[in-house]
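The values are calculated or read from the model by the stated rules, or taken from the named source; none is laboratory data. All values derive from a computational prediction rather than experimental measurement. Please note: Cβ atoms are built from the backbone with ideal geometry, for glycine as well, and neighbour counts cover all protein chains shown. Ligands, DNA and RNA are stripped out before the accessible areas are found, and what is left, the full protein with its side chains, is counted by its heavy atoms. Shrake-Rupley method; radii C 1.70, N 1.55, O 1.52, S 1.80 Å.
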Number of protein chains: 2
Amino acid sequence: MGIVVQKYGGSSVATTEKIKRIADTLIKRKEQGDDLVVVVSAMGDTTDDLISLAKQISKNPDKRELDVLMSTGEMMSCALLSMAIKEKGYDAVSYTAYQIGIKTSGQYGKGLIDDIEDTKISESLKEGKIVIVAGFQGINEDGDIITLGRGGSDTSAVALAVKLKGICEIYTDVDGIYSVDPRKYKYAKKLDVIDYEEMLELSSLGAQVMHSRSIELAQKYNIPIYVGLSNSDVKGTIIKGVDKMNLESKPVTGLATSDDDIAVTLKDIDADINILSNLFESIGSKKINIDMISQTAPLNDKVNVSFTIPKDEQEECMKIIKNFASDENISIDEDITKFSVVGIGMKNTSGVAAKMFKLFSENNINVKMITTSEIRITCAISQQDKAKAIQIVANEFNL
Amino acid sequence: MGIVVQKYGGSSVATTEKIKRIADTLIKRKEQGDDLVVVVSAMGDTTDDLISLAKQISKNPDKRELDVLMSTGEMMSCALLSMAIKEKGYDAVSYTAYQIGIKTSGQYGKGLIDDIEDTKISESLKEGKIVIVAGFQGINEDGDIITLGRGGSDTSAVALAVKLKGICEIYTDVDGIYSVDPRKYKYAKKLDVIDYEEMLELSSLGAQVMHSRSIELAQKYNIPIYVGLSNSDVKGTIIKGVDKMNLESKPVTGLATSDDDIAVTLKDIDADINILSNLFESIGSKKINIDMISQTAPLNDKVNVSFTIPKDEQEECMKIIKNFASDENISIDEDITKFSVVGIGMKNTSGVAAKMFKLFSENNINVKMITTSEIRITCAISQQDKAKAIQIVANEFNL
């Protein structure tokens, strides 16, 4: 009988029929006595359609205006869902980011929620209304609309759950979190529970189920998140803080791959820590997300440095890199799959990396780059080896 | 070299190609030294598409939510136009209603602009930006989005011109104001100048070129409005206060028809002024726009009352009427064309009505209802007589 914050993804609200069905589900839940705050994504492919409209205007649409444009998708779906609930005789109200002061900082398209004014929501809940909130968007101190990045509605939901001290339920088109993407590996096992840190590693590695920032926020405030199908008896996955001792028996809980990056290599640059730090600072200042970094040992005071960046940041990144190396010393490898295994148990289990590299070697999979964190090992491999790598690693670690 | 407020209608921004062309036009004008504030409507049929989406959810969509939904159309087009200007290397910024505090009161879908906070716009103009404003929308004191009704972007533009002390230009898909709708009467004459009051009568009578409220506002603050085609050498029409003495020679300057109304007749209701005033107050309180009213002389203390209402208000209106008359005493006539002639000169010219009725009678056109104002005569006739009526009246009064 508390406050429940739910989020419905784009595929759940793709048509007016689906929106009506969600209205029914919400009304049933409301009748059980819960106060509902519901975050919705844009309908189906709306966000993609809006982006393609912008691309007709400009190859690199102005980011402030792109955020204004994209924010309309969620406004539409939240107005329609509120209408659908009212049509069925129950009370509801939709709120956009500025109406409930979803205060956001950071760059356009990459906003971070700082705070939410909860007065209006609390009043509406007291009046018995189901509150529908446009996800994916906030307002900065200039009153500009800032979107939160792909999947940002998850973060809207978690932030609301934190602010309203409610529980958080994310309804999506998958029935939970899997140790491996079930579309890529048919024997993939669904997890009942996953730890925040594991989920964070999986999310940041391209397992697109959840927006990374939403997991960080949930972890910070220790809010459990339920992820699953709406209107289904199939049990989903709970993301929460897990007692690490219980997990030692299983070193690897998840596997994720991503084809969204390219590898950049700069050859023969001076082995001067200032130059490298300048390079990464310059790239970082543009909020370009550098992931894997490796550097060769100096030879004649020169080093080679490789790192991966998201494909769609290539153009902007190249502008910066050109100040650090001449064209003939820059090489780009677009044939990159980031292949990662994740597990909290890894902290206490040696040999996971060794076992993985042995498997790769036995199967003639060439590893181009390697990075590790406490609970993650990531290799860059060729895209043609991806399917095979998933198969053998998932099998080995029983995922 | 002052502030110019322009408005572009939906057909002018129907495609991204057209939006790019408007960007070029604006840049050219900006280079001539004018400060530009540009109000845009939603692209092409966007508003209709949004309404049809809402109708899939509900026959009578909740009005608050319908306004949220509809306001997204203008947000989209203003973001895209701003993008297009920036893409061409000029600076621009888009503003939604809440960002520039377009303060609005009144009912959802029928908002009236009370004030606009001009600080942000003035700052942006000072920074050399072309300011793009989402038309058709405002924010009430609760922070709810209120749309201004069909054509409301005209009013957004005039209100901005008033607030910014600028001149006002409305670009649309017609090349000016005609004495008769040129689609209905091919000899129609375009006017160089039309008086506010005449334009107001024409607008309120269904000549859909301009939003009535925009003319009222322009008249109140004596702001001339230019109406015409964008990117064209064809001279449009200026709407302004006209010296009435100069117009006496022409009693009728315009003719308008509308098929958007139905006539409601209540039979045998008590001849009691309290009942009638109650009836019209009840209908008025729902903001249903009653237009023509006629009442028969009392017979046995009973009267018949007829009036016209917009077709799409019929359902709501019937709910009220049922408290005043039994079903068998209510009749609806859907075969109504409102046929009006307008002219400031009419104030000083007798015989216009007489001449018109003589023409109708000679041509077997049956007049169902009549109302007049100081500068207007309106008859309800059968829709089948509309074309003939336009022909003979336009010819008689040289329109």
Exercise for the section: Ignoring everything but the protein chains, give the 1.4 Å probe accessible area of A:Ile167 in square angstrom, nearest 10. Expected result: 90
Exercise for the section: Two decimals is fine: what is log10 I(q)/I(0) at q = 0.10, 0.11 Å⁻¹ for region A:228-345, from a Debye sum with one equal scatterer on every Cα and no solvent? Expected result: -0.47, -0.55
Exercise for the section: Give the accessible area for A:Lys358 in Å² (nearest 10); use a 1.4 Å probe, count only protein heavy atoms, and leave out ligands, DNA and RNA. Expected result: 130
Fill in the blank from the handout: Whole-number value, in Å³ per residue, for the convex hull of the alpha carbons of chain B is 155
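What's the local net charge at A:Asp34, with K and R +1, D and E -1, over the other residues with C-beta under 12 Å away?
Residues near A:Asp34 contribute 0 overall.
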Fill in the blank from the handout: Extension length gain for B:Asp335 and B:Asn363 (0.36 nm per residue less Cα distance), in nm, is 8.2 nm
Fill in the blank from the handout: Between the alpha carbon centres of region A:341-399 and region B:281-321 the gap in Å comes to 78
Fill in the blank from the handout: Heads up, region A:3-240 by the C-alpha gyration tensor (a ≥ b ≥ c square roots of eigenvalues; a/c under 1.5 rounded, else a/b over b/c prolate, else oblate) looks rounded
Handout entry: Isotropic mean projected area of the C-alpha convex hull, region A:273-399 (nm²)
Key = 9.5
Exercise for the section: Give me the compactness ratio for the protein assembly as shown, meaning the Cα radius of gyration over 2.2 N^0.38 Å. Expected result: 1.17
Problem - Gained length - A:Lys311 relative to A:Lys59, 0.36 nm times residue gap less alpha-carbon distance - result: 89.2 nm
Exercise for the section: Just subtract the alpha-carbon distance of B:Lys190 and B:Asp91 from 0.36 nm times their residue separation and send over the number in nm, one decimal. Expected result: 32.0 nm
Practice task
Could you check the simple spin-label distance between B:Glu328 and B:Leu229, using points 7 Å along Cα→Cβ, in nm with one decimal?
Solution key: 6.0
Exercise for the section: Taking just the C-alpha trace of region B:1-60, give me its Rg and Dmax in Å. Expected result: 15.6, 50
Exercise for the section: Could I get the Rg over Rh figure for region B:348-399? Both from C-alpha atoms, Rh via Kirkwood, rounded to two places. Expected result: 0.93
Practice task
Per DSSP H run of at least 4 residues, take -39500 (n - 2.57); add these up for chain A, divide by its residues and hand me the 222 nm value, nearest 500 deg cm²/dmol.
Solution key: -11000 deg cm²/dmol
Handout entry: Choice from B:Ser58, B:Ser282, B:Ser122 with maximal GNM fluctuation in chain B (Cα, 10 Å cutoff)
Key = B:Ser58
Fill in the blank from the handout: Simple spin-label estimate for A:Arg150/B:Asn398, 7 Å along Cα→Cβ, in nm, reads 6.9
Problem - Förster radius 41 Å - calculated FRET efficiency between A:Asp175 and B:Ala387 (Cβ-Cβ, nearest 0.05) - result: 0.05
Problem - Student exercise, chain B dipole from Lys, Arg, Asp, Glu Cβ charges, in Debye to nearest 20 - result: 1020
Problem - Using a 7 Å Cα-to-Cβ projection, A:Tyr187 label spacings across copies, nm, ascending - result: 8.9
Completion exercise
Here FRET efficiency (C-beta to C-beta, A:Asp142 to B:Ser52, R₀ 35 Å, nearest 0.05) is 0.50
Exercise for the section: Of the listed pairs A:Lys59/B:Lys120; A:Lys368/A:Lys388; A:Lys302/A:Lys368, which have alpha-carbon separations greater than 23 Å here? Expected result: A:Lys59/B:Lys120
Practice task
Work out the charge dipole of region A:144-194 with +1 on the Cβ of Lys and Arg and -1 on the Cβ of Asp and Glu about the Cα centre, then indicate which of A:Tyr178, A:Ile145, A:Leu164 is farthest towards its positive end.
Solution key: A:Tyr178
Exercise for the section: With chain A rotated onto chain B, spot the residue of A whose Cβ lies nearest the axis and note the distance in whole Å. Expected result: A:Thr72, 2
Handout entry: Phi to ³J(HN,Hα) by Karplus 6.51 cos²θ - 1.76 cosθ + 1.60 over region A:112-126, Hz, x for Gly, Pro
Key = 10, 6, 9, 6, 9, 7, 9, 4, 4, 5, 4, 4, 5, 5, 4
Practice task
Assign unit charges at the C-beta atoms only (+1 for Lys and Arg, -1 for Asp and Glu), then state the dipole size of the protein assembly as shown relative to its Cα centre in Debye, rounded to the nearest 20.
Solution key: 640
